[in-house]
Amino acid sequence: IRDSLKEAEDLIETANAPIFGVDTEMNITVWNRKAAEISGYTAEETLRTDFLSFMEEETASVKHVLQEALKGKETANYELKLKAKAGKQLCLLLNATTRRDLQGEITGVIGIAQDVTEQKQRDAEVERLLKQWTQLIATANAPIFGVDTELRITEWNQKAEDITQFSTDETMGRPFLNFLDAAAR
């Protein structure tokens, strides 16, 4: 049993995913090497402290997920905002698993996470660029339209509306050639 416990501890400590554990009072009992690496907090700094004090926001929601796991209701893919030591906000995708002793009694929660901070930042940047591009098309001083592979209109900017007198609502999804005929008349 001692060997199995040591092996499990080693697996947790050396895992390439942030892993933390809390007891029934939400105090940290496990903080592996990867959790320390991404957060900047060592295990010594976190052990026996309130896990919720490391949350960036929405502590009630995080507390609810952990309390549900303490009742045996595990959660997968919960998005958690964690404060790193340097002030950076980390975004973790968390699986909260009930932790039990040898008698099957619930003793806490083990959280296994995936750091999705960079992915979230990339997604936000793509969204920003898409909004910027959409705004550029909408306000361009030239008619801009788009069509799909079947020549149905997918884009119709304000200048196209001004020149043709057809609104975006009138054109979207309709055959582009219909509007060429109408403009020629």
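The values are calculated or read from the model by the stated rules, or taken from the named source; none is laboratory data. All figures in this text were calculated on a predicted structure; none of them were measured in a lab. Using ideal geometry, Cβ is built from the backbone for each residue, glycine included, and neighbour counts are taken over all protein chains shown. For accessibility, only protein heavy atoms count, side chains too; no ligands or nucleic acids. Shrake-Rupley method; radii C 1.70, N 1.55, O 1.52, S 1.80 Å.
Just checking, does region 38-48 include any residue being touching a residue at least 60 places away in the same chain (Cβ under 8 Å) and touching a strand residue (DSSP E or B) at 6+ places or on another chain (Cβ under 8 Å)?
Applying the first criterion (touching a residue at least 60 places away in the same chain (Cβ under 8 Å)) to region 38-48 yields 38.
From what's left, touching a strand residue (DSSP E or B) at 6+ places or on another chain (Cβ under 8 Å): 38.
Yes, some residue in region 38-48 is touching a residue at least 60 places away in the same chain (Cβ under 8 Å) and touching a strand residue (DSSP E or B) at 6+ places or on another chain (Cβ under 8 Å).
Quick one: is Arg174 open to solvent by 90 Å² or more (accessible area, probe 1.4 Å), over 34 Å from the mean Cα position of the chain (by Cα) and not small (Gly, Ala, Ser)? Outline the logic, then answer.
Values: open to solvent by 90 Å² or more (accessible area, probe 1.4 Å): yes; over 34 Å from the mean Cα position of the chain (by Cα): yes; not small (Gly, Ala, Ser): yes.
Yes.
Among the candidates Thr139, Thr75, Thr117, Thr97, single out the residue that is polar (S, T, N, Q) and more than 18 Å from Pro18 (Cα to Cα).
Numbers: Thr75 fails: more than 18 Å from Pro18 (Cα to Cα); Thr117 fails: more than 18 Å from Pro18 (Cα to Cα); Thr97 fails: more than 18 Å from Pro18 (Cα to Cα).
One residue alone meets the criteria, Thr139.
I'd like to verify a number: residues in region 124-150 that are part of a helix (DSSP H, G or I), surrounded by 12 or more Cβ atoms within 10 Å (Cβ to Cβ) and free of Cβ contacts under 8 Å to residues at least 12 places away in the same chain, how many? Full working, then the answer.
We begin by selecting, within region 124-150, every residue part of a helix (DSSP H, G or I); these are 124-139.
Going one step further and asking which of them are surrounded by 12 or more Cβ atoms within 10 Å (Cβ to Cβ), we end up with 134, 137-138.
Keeping just the survivors that are free of Cβ contacts under 8 Å to residues at least 12 places away in the same chain gives 134.
The total comes to 1.
Go through region 53-72 and count every residue that is closer than 21 Å to Gln121 by Cα and either in contact (Cβ under 8 Å) with a residue 24 or more places away in the chain or in a strand (DSSP E or B) (or both). Spell out the reasoning first.
Applying the first criterion (closer than 21 Å to Gln121 by Cα) to region 53-72 yields 54-58.
Filter again for either in contact (Cβ under 8 Å) with a residue 24 or more places away in the chain or in a strand (DSSP E or B) (or both), leaving 54-57.
The total comes to 4.
Pairs needed: first member in region 73-98, closer than 18 Å to Val30 by Cβ and touching a residue at least 40 places away in the same chain (Cβ under 8 Å); second member anywhere, part of a strand (DSSP E or B) and polar (S, T, N, Q); C-beta distance under 9 Å; at least 6 residues apart or different chains.
Between residues of region 73-98 that are closer than 18 Å to Val30 by Cβ and touching a residue at least 40 places away in the same chain (Cβ under 8 Å) and residues that are part of a strand (DSSP E or B) and polar (S, T, N, Q), the close pairs are Leu82/Gln89; Leu92/Gln114.
Check off (1) modelled with pLDDT of 90 or more; (2) open to solvent by 60 Å² or more (accessible area, probe 1.4 Å); (3) part of a helix (DSSP H, G or I); (4) over 25 Å from Ala17 (Cα atoms) for Glu161 and give me the number that stays unchecked.
Unmet condition: (2).
Give Asn16, Asn77 a once-over and let me know the one that is assigned to a strand (DSSP E or B), under 30 Å from Asp123 (Cα atoms) and open to solvent by 70 Å² or more (accessible area, probe 1.4 Å).
Values: Asn16 fails: assigned to a strand (DSSP E or B).
Only one candidate qualifies: Asn77.
When you check Glu44 against the structure, is it modelled with pLDDT of 95 or more and open to solvent by 50 Å² or more (accessible area, probe 1.4 Å), yes or no? Full working, then the answer.
Numbers: modelled with pLDDT of 95 or more: yes; open to solvent by 50 Å² or more (accessible area, probe 1.4 Å): yes.
It is true that Glu44 is modelled with pLDDT of 95 or more and open to solvent by 50 Å² or more (accessible area, probe 1.4 Å).
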